[in-house]
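First up is the structure itself, then whatever we jot down about it.
The values are calculated or read from the model by the stated rules, or taken from the named source; none is laboratory data. Quantities reported herein were computed from a predicted structural model and do not represent experimental measurements. Cβ placement follows ideal geometry from the backbone for every residue including glycine, while neighbour counts extend to all protein chains displayed. These accessible areas exclude ligands, DNA and RNA; they are computed on the full protein's heavy atoms, side chains included. Shrake-Rupley method; radii C 1.70, N 1.55, O 1.52, S 1.80 Å.
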Amino acid sequence: INFFGEPGSGSTPATYTKSVTGLQSGATFFYDLQQETALNDGWNGSAEVDAGVNKVAVVVNSFNGSHCLRTYNGFPEENVGTTWGIPLFASKLSNGLNTSVSVQNLSGADIPVGGLTITCPDAPAGYFPKSNTAVIPDKGTFAFNPVGNTSYPNDWQGACVINAGSADIVAFVIMRRITGNGDQAAYEAINYSGTDTTVFVPLMAKRLANGFATSAVIQNLSANDAHVD
């Protein structure tokens, strides 16, 4: 597990490798970063899980207090791309909800300032597109975050697109409320190169007795208007 500290974040060491051996076929290795003494408290950055010729799957859990958890899948190396859809981006909603988008550079070279953009077609005029304000090193990350940033609109939500030109990236979205108990969730952005005309949803629920319900957010990733059933 190769770690890459975010430049300027005070993360030490800047790079670190955690070696794992003897993982049996089909078994899981649970790695709690809170117990990793080689990284300083407050360490922030990105990681690469390299299993050589073996195949692995990775799930990431991030905790915030005793009641808040966000979970997302790691990205396989076959699922990198230059353009990613964000079906739901929220900026300073009245209920406290905000989203930040974390983008990891997997191009093999630096992404220069302005080389990464986020565009939100339905946002109020004058707020988008936005670009990275710092160089993003290979395997490094950059986040678009509306919290505390007056350059993002108030009480707006909609769809956005991340574009890195010719550079391969991956991206995920953190949904969190900065009021109340700080509810959190996360989802992987949608790789434009891996989309299709039919998508399957394993579970939908309407007002179950335990209060559970689902909503679906659908983003049109084609060049034309779409009719969706």
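General observations
- Among (1) over 13 Å from Ser100 (Cα atoms); (2) among the charged types (D, E, K, R); (3) in contact with a strand residue (DSSP E or B) (Cβ under 9 Å, 6 or more places away or on another chain); (4) open to solvent by 60 Å² or more (accessible area, probe 1.4 Å), the one test that Arg176 misses: (1)
- Residues in segment 32-68 that are over 23 Å from Glu78 (Cβ atoms) and of a type in the set (Ser, Thr, Tyr): Thr37, Ser62, Ser66.
- Looking at segment 18-98, the strands (runs of 3 or more DSSP E) lying wholly inside it that each contain 3 or more residues that are open to solvent by less than 60 Å² (accessible area, probe 1.4 Å) and either without any contact (Cβ under 8 Å) to a residue 60 or more places away in the chain or aliphatic (A, V, I, L, M) (or both) sit at 83-91.
- Of the criteria (1) open to solvent by 50 Å² or more (accessible area, probe 1.4 Å); (2) of a type in the set (Gly, Ala, Ser); (3) touching a strand residue (DSSP E or B) at 6+ places or on another chain (Cβ under 9 Å), which one Ser166 fails: (3)
- For Gly148, the criteria (1) farther than 30 Å from Asp50 by Cβ; (2) at pLDDT 95 or above hold in every case but one, which is (2).
- Qualifying residue in segment 135-152 (condition: closer than 24 Å to Phe75 by Cβ, touching a strand residue (DSSP E or B) at 6+ places or on another chain (Cβ under 9 Å), open to solvent by 70 Å² or more (accessible area, probe 1.4 Å) and assigned to a loop (DSSP other than H, G, I, E, B)): yes
- Within segment 172-216, being within 25 Å of Gly148 (Cβ to Cβ) and in a loop (DSSP other than H, G, I, E, B) holds for Ile178, Thr179, Gly180, Asn181, Gly182, Asp183, Ala189.
- The requirement of being hydrophobic (A, V, I, L, M, F, W, C) and more than 18 Å from Ser100 (Cα to Cα) is not satisfied by Ala186.
- Test for Ser107: is it surrounded by 12 or more Cβ atoms within 10 Å (Cβ to Cβ), part of a loop (DSSP other than H, G, I, E, B), small (Gly, Ala, Ser) and modelled with pLDDT of 95 or more: yes
- Scanning segment 196-210 turns up no residue that is surrounded by 10 or more Cβ atoms within 10 Å (Cβ to Cβ) and either modelled with pLDDT of 95 or more or more than 21 Å from the chain's Cα centre (by Cα) (or both).
- Close pairs (6 angstrom Cβ cut-off, 6 or more residues apart or separate chains): at negative phi in segment 116-144, open to solvent by 40 Å² or more (accessible area, probe 1.4 Å) and not in a loop (DSSP other than H, G, I, E, B) anywhere: Thr117/Ser131; Thr117/Asn163; Phe128/Thr119; Pro129/Thr119; Gly140/Phe4
- Residues located in segment 1-17, provided they are open to solvent by 60 Å² or more (accessible area, probe 1.4 Å) and either closer than 21 Å to Phe63 by Cβ or hydroxyl-bearing (Ser, Thr, Tyr) (or both): Glu6, Thr12, Thr15, Thr17
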